[in-house]
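Asker: Once you've had a glance at the structure underneath, I'll fire off some questions.
The values are calculated or read from the model by the stated rules, or taken from the named source; none is laboratory data. Small disclaimer: the values here were computed from a predicted structure and weren't measured. Every residue, glycine as well, gets a Cβ built from its backbone with ideal geometry; the counts of neighbours run over all protein chains shown.
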Amino acid sequence: MAHVILGLLLITPMSFYDLIKAFESGVALFYSASSGSIKRSLDGLLARGLIEVASVEGGRGRKVYRVTDAGREEFSAWMTADPAGPDLETAALARLYFLGLVEQSERLPVMRRITARIEAELATLTDLDERLDALNVPDEHRDLVTHQRAALSYGIASGRFMLDWFRDHAERLSRETP
């Protein structure tokens, strides 16, 4: 979540309330966050020196945050690194959402790292599917296994769609990149 907040603050400095609204109006499409988790991440970014208070406004002392140079470096490193973590879809969509914040020359490499990760996960699921084909399932587990295999099949189909979509977008980027 910290990198998503950095991305939002790179677009424009915001208050805590503004960040909540930004999550609700766009980021929520791929990332779910409570106000408490946003606040904890904001406090952590502040403590690490990745953001700072740009101004304090109004009688209630509304703090507006902005990204520091260290925060810009952290965000850039995250954007250009291999997507990590257990939730590939969130990692991929977060980078896609903020792709316009990185140099144009870095965009296609970011997309290629995302597609490489999707390919690796899809290969793992496909391999598992093939290994499960060879198993002899006892009758008492057949119903359970049928639905578990359906979940795996959904994961494979979803991975194929995701791979095709990201490859297509990368192809469009390659045509646009000088």
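Residue-by-condition table, conditions (1) part of a helix (DSSP H, G or I); (2) over 13 Å from the mean Cα position of the chain (by Cα); (3) modelled with pLDDT of 90 or more; (4) more than 30 Å from residue 11 (Cα to Cα):
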site	(1), (2), (3), (4)
92	yes, no, yes, no
96	yes, no, yes, no
122	yes, yes, yes, yes
127	yes, yes, yes, yes
154	yes, yes, yes, yes
164	yes, yes, yes, no
172	yes, yes, yes, no
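Asker: Which ones in region 37-78 are aliphatic (A, V, I, L, M) and assigned to a helix (DSSP H, G or I)? I'd like the intermediate steps shown before the answer.
Answerer: Taking region 37-78 and keeping what is aliphatic (A, V, I, L, M), we get 38, 42, 45-47, 50-51, 53-54, 56, 64, 67, 70, 77.
Passing the criteria: 38, 42, 45, 46, 47, 70, 77.
Asker: Let me ask something else. Could you check region 11-36 and list, in sequence order, the residues that are part of a helix (DSSP H, G or I), over 16 Å from the mean Cα position of the chain (by Cα) and modelled with pLDDT of 90 or more?
Answerer: 11, 16, 17, 18, 19, 20, 21, 36
Asker: Name every residue in region 128-156 that is of a type in the set (Gly, Ala, Ser) and surrounded by 12 or more Cβ atoms within 10 Å (Cβ to Cβ), in order of residue number. Spell out the reasoning first.
Answerer: Step one: list which residues in region 128-156 are of a type in the set (Gly, Ala, Ser), which gives 134, 150-151, 153, 155.
Hits for region 128-156 are 153, 155.
Asker: Looking at (1) free of Cβ contacts under 8 Å to residues at least 12 places away in the same chain; (2) more than 14 Å from residue 155 (Cβ to Cβ), which one does residue 87 not meet, given that it meets all the others?
Answerer: If we test residue 87 against (1) free of Cβ contacts under 8 Å to residues at least 12 places away in the same chain; (2) more than 14 Å from residue 155 (Cβ to Cβ), just (2) comes out false.
Asker: Collect the residues in region 73-87 that are surrounded by 12 or more Cβ atoms within 10 Å (Cβ to Cβ) and modelled with pLDDT under 90, keeping them in residue-number order.
Answerer: Hit for region 73-87 is 87, nothing else.
Asker: Could you list, ordered by first residue, the pairs with Cβ atoms under 9 Å in which the first is in region 112-134 and within 18 Å of residue 169 (Cα to Cα) and the second is aromatic (Phe, Trp, Tyr), at least 6 apart or interchain?
Answerer: Listed pairs, sorted by first residue: 114/166; 115/166; 118/166.
Asker: Here is a further query. Restricting attention to region 73-89, which residues are of a type in the set (Asp, Glu) and within 17 Å of residue 5 (Cα to Cα)?
Answerer: In the first step, residues of region 73-89 are kept if they are of a type in the set (Asp, Glu); the result is 73-74, 82, 87, 89.
Matches in region 73-89: 73, 74.
Asker: Looking at 98, 30, can you tell me which residue is surrounded by 12 or more Cβ atoms within 10 Å (Cβ to Cβ) and in the same structural domain as residue 165 (by TED's automatic domain parsing)? Full working, then the answer.
Answerer: Values: 30 fails: in the same structural domain as residue 165 (by TED's automatic domain parsing).
Within the list 98, 30, the selection yields 98.
Asker: Might you check whether a residue that is among the basic types (Lys, Arg), closer than 19 Å to residue 158 by Cα and in contact with a helix residue (DSSP H, G or I) (Cβ under 7 Å, 6 or more places away or on another chain) occurs anywhere in region 97-108?
Answerer: Filtering region 97-108 for residues among the basic types (Lys, Arg) gives 107.
Pick out the ones that are also closer than 19 Å to residue 158 by Cα and you get none.
Checked region 97-108: no residue is among the basic types (Lys, Arg), closer than 19 Å to residue 158 by Cα and in contact with a helix residue (DSSP H, G or I) (Cβ under 7 Å, 6 or more places away or on another chain).
Quick grid of which residues meet (1) assigned by TED's automatic domain parsing to the domain that holds residue 170; (2) surrounded by 12 or more Cβ atoms within 10 Å (Cβ to Cβ); (3) touching a strand residue (DSSP E or B) at 6+ places or on another chain (Cβ under 8 Å):
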| position | (1), (2), (3) |
| --- | --- |
| 20 | no, yes, no |
| 34 | no, no, no |
| 62 | no, yes, yes |
| 71 | no, yes, yes |
| 113 | yes, yes, no |
| 126 | yes, yes, no |
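Asker: Please find, within region 4-18, the residue that is surrounded by the most Cβ atoms within 10 Å (Cβ to Cβ) out of those that are touching a residue at least 60 places away in the same chain (Cβ under 8 Å) and more than 15 Å from residue 87 (Cα to Cα). Step through it out loud before you land on a result.
Answerer: Taking region 4-18 and keeping what is touching a residue at least 60 places away in the same chain (Cβ under 8 Å), we get 4, 6-7, 9-11.
In the following step, the residues that additionally are more than 15 Å from residue 87 (Cα to Cα) were identified as 6-7, 9-11.
On the way: 6: 24, 7: 22, 9: 26, 10: 16, 11: 12.
The residue in question is 9.
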